[in-house]
């Protein structure tokens, strides 16, 4: 039992160091130029061990993405649950939406997610499945979380009935155009100083039409 | 003399156009780093010397390909057709933006550029400045004019132009960044009309008057 536990711990810590080395290597070289043998060396494991954990470069890359976004996806999904952001008659919607957007942006900028996203986009022509999975796993899931909040607010009559799927695209688009896309094109771009003003302006636009 | 000069210029223009067309094709196929100037010249049926006479470097050539695509893109918003209402005018402009996006495959060019950010950062930065940011600024000028004309209330148009662009892109363009087989929806009309309403509810003077009446 103790031995089994020990083995599992070793295996788990190898997996973690492979993921870490993989992430660093992909960020440095992009997907096509990254080499599995080099990643194994940087993780201080044999290539055989690496392949035992991840059967291909594609699978390893997908795991790196999932790990990065698993964290923030988790945070975000959690955050959009009604038990975290309590939605009731007394909820200040402006503040709540601001908190959600702020959390998303912090995660996106602080976890190096922009750099990973850039790699995913770069590989669309060569490894289309990774890009599609990422799109489904991260972007669609996040959008679905926000849609749920809007739908709940409509039920509670805190917002006017509207096409919330469309609405999510609108507000996500406004936020991304200002913050994410400049960062995708320039690795040095960070969050601007007036981020809060921008977020509130987008929210106020949304509430001007759909608020009650 | 004049005829000969004109003939020469036509030849030069034709070659330039052929180079741009070939370059675009090769960049889309190979990406920026792997695209070779010799291959582009061959594809355009000109000598490498001629290519370099027109474009001093691969970077310059790529910038020209992007500018060419963006020029077409910008024109569409700058000359909105005459429509009776502000909402119709905006909707028409957004439709044109969408159409030009779809036709010029800008998102494919963007994918090429985004891929190169770690390796050719200046190319990406200048594409953002030449294409995306210039488009924002052009639209902001247009919005400023609508404020002067009393149609929109005074607001930060540098920001609201980005909001407009973001709504169109998130709804129609960005899925194509991730999915090579994505096609712009056949009937974007309802979405376009709603995003225009969202924008005008916040910024149009007539909506403010109607709301307070």
key: Kirkwood Rh and Cα Rg combined as Rg/Rh, the protein assembly as shown   = 1.02
query = For residue B:57 and residue B:137, what is the calculated FRET efficiency with R₀ set at 25 Å and r taken between the beta-carbons, to the nearest 0.05?
reply = 0.45
ask   = Say each of residue A:24 and residue B:149 gets a label point 7 Å from the Cα, pointing the same way as Cα to Cβ; how far apart are those two points in nm?
value = 5.8
ask   = Pairing the Cα long axis of helix B:106-115 with the longest principal axis of chain B, what angle in degrees results, from 0 to 90 and rounded to the nearest 10?
value = 70
note = Most exposed to least, judged by fewest other Cβ atoms within 10 Å, B:113, A:189, A:149 sort to A:189, A:149, B:113
ask   = Once the Cα atoms of helix B:58-78 and of chain B are each reduced to a long axis, what angle between those two axes, in degrees from 0 to 90 to the nearest 10, is obtained?
value = 30
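Report the relative contact order of chain B, percent, no decimals, based on alpha-carbon pairs under 8 angstrom and at least 6 residues apart. It would help to have the intermediate numbers written out before the result.
Numbers: 173 pairs, mean separation 38.4, N = 213.
For chain B, the relative contact order is 18 percent.
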key: Cα long-axis angle, helix B:86-104 against chain B (0 to 90 degrees, to the nearest 10)   = 20
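For A:205, A:140, what ranking results if the residue with the fewest other Cβ atoms within 10 Å of its Cβ goes first?
Details: A:205 22, A:140 12.
Listing A:205, A:140 from fewest to most nearby Cβ atoms yields A:140, A:205.
Take every Cα pair under 8 Å in chain A that's 6+ residues apart, average their separations, divide by the length, and report that relative contact order as a whole percent.
Values: 147 pairs, mean separation 43.2, N = 212.
Relative contact order for chain A comes out at 20 percent.
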note = A student asked for the Cα radius of gyration and Dmax of chain B in angstrom ought to give 20.4, 70
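If R0 is 41 Å, what FRET efficiency do you get for residue B:37 and residue B:99 from their C-beta distance, rounded to 0.05? It would help to have the intermediate numbers written out before the result.
Numbers: r = 32 Å, r/R0 = 0.79.
Rounded to the nearest 0.05, the efficiency is 0.80.
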ask   = If we count other beta carbons within 10 Å of each Cβ, what is the order of B:123, A:64, fewest first?
value = B:123, A:64
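FYI, it's all coordinate maths here, none of it is from the lab. Here the structure is a predicted model, which is why all the values come from computation and not from measurement. Backbone-built Cβ (ideal geometry, glycine too); neighbour counts: all protein chains shown.
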